[in-house]
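The values are calculated or read from the model by the stated rules, or taken from the named source; none is laboratory data. Nothing here was measured: the structure is a model prediction, and the numbers come from that model. When we count neighbours, we look across all protein chains shown, and the Cβ atoms used for this are built from the backbone with ideal geometry, even at glycine. In case anyone asks, the SASA skips ligands and DNA or RNA and just uses the protein heavy atoms, side chains included. Shrake-Rupley method; radii C 1.70, N 1.55, O 1.52, S 1.80 Å.
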Amino acid sequence: MTNYRNNKSLRSYKGIVPELKSNVYIDQDCVLVGDITLDDDSSVWPLVAARGDVNSIYIGKRSNIQDGTVLHVTRKSAALPEGHPLIIGDDVTVGHKAMLHGCKVGNRILVGMGAIILDGAILEDDVILGAGSLVPPGKVLKSGYLYVGSPAKQARPLTETEIAFLPQSADNYVRLKNEYLQEGE
């Protein structure tokens with residue numbers, strides 16, 4: 001059950017209001033504007049700013065966007081007919097104060113605190129992006145690796161333990177948001 005459909009955190013842009021699927025948690029101190037879809041069991045925490053004004057934002061199932069994160073997109077234009085929407089896959093943990101702009105983030109990803117991912121960048125499935133890393137426009141991070149630095153560079157393959165942790169990290173936030181939803185009833 002989602003009990004945040006009338007939350008003042010959800011704002012319309014040109015008549016389009018964020019769409020919340022089932023069991024979504026939206027903190028009252030975040031701002032979500034326009035064409036944003038949050039899929040089942042996702043969560044958005046305090047001080048997140050997400051603007052789906054000039055393109056769309058999709059946040060996948062069981063994904064969580066942590067405190068202070070900024071999510072935005074790139075406008076469609078003659079030079080860039082599709083612009084750059086922001087697409088976040090399933091079982092993704094986006095750490096505190098990250099910035100994601102017009103990029104594609106696959107499934108089972110951990111985006112470290114303070115990381116920045118820019119237009120057209122693609123993170124394939126099963127990636128860990130280290131805290132404070134910068135992914136430049138158009139860069140592709142291949143599946144199964146840890147990336148660190150500015151600009152982000154492939155550091156090493158993920159261990160089996162790290163790969164197993166990625167959905168567990170998302171599940172930890174599903175359980176936490178369920179506790180918040182229960183407390184709000």
Top-ranked residue in region 152-180 [being more than 20 Å from the chain's Cα centre (by Cα) and not charged (D, E, K, R); ranked as farthest from V127 (Cα to Cα)]:
T161
Is there any pair linking a residue in region 85-107 that is without any contact (Cβ under 8 Å) to a residue 12 or more places away in the chain to one that is among the aromatic types (F, W, Y) and open to solvent by 10 Å² or more (accessible area, probe 1.4 Å), with Cβ under 9 Å and at least six apart or on different chains, and which?
none
L80 - would you say it is farther than 23 Å from Q168 by Cβ, buried (at least 20 other Cβ atoms within 10 Å of the Cβ) and among the aliphatic types (A, V, I, L, M)?
no
Residue check, G132 against (1) under 23 Å from A152 (Cα atoms); (2) in a strand (DSSP E or B); (3) open to solvent by 10 Å² or more (accessible area, probe 1.4 Å), all met but one. Which one?
(2)
V92 fails exactly one of (1) over 15 Å from S42 (Cα atoms); (2) in contact with a Gly (Cβ under 9 Å, 6 or more places away or on another chain); (3) buried (at least 20 other Cβ atoms within 10 Å of the Cβ), namely (1)
Please determine whether any residue of region 142-161 is assigned to a helix (DSSP H, G or I) and open to solvent by 30 Å² or more (accessible area, probe 1.4 Å).
yes
Filtering region 1-60 down to residues that are of a type in the set (V, I, T) and open to solvent by 10 Å² or more (accessible area, probe 1.4 Å) yields T2, I16, V17, V31, V33, T37, V54
In region 163-174, is there at least one residue being of a type in the set (D, E, K, R) and within 28 Å of E82 (Cβ to Cβ)?
no
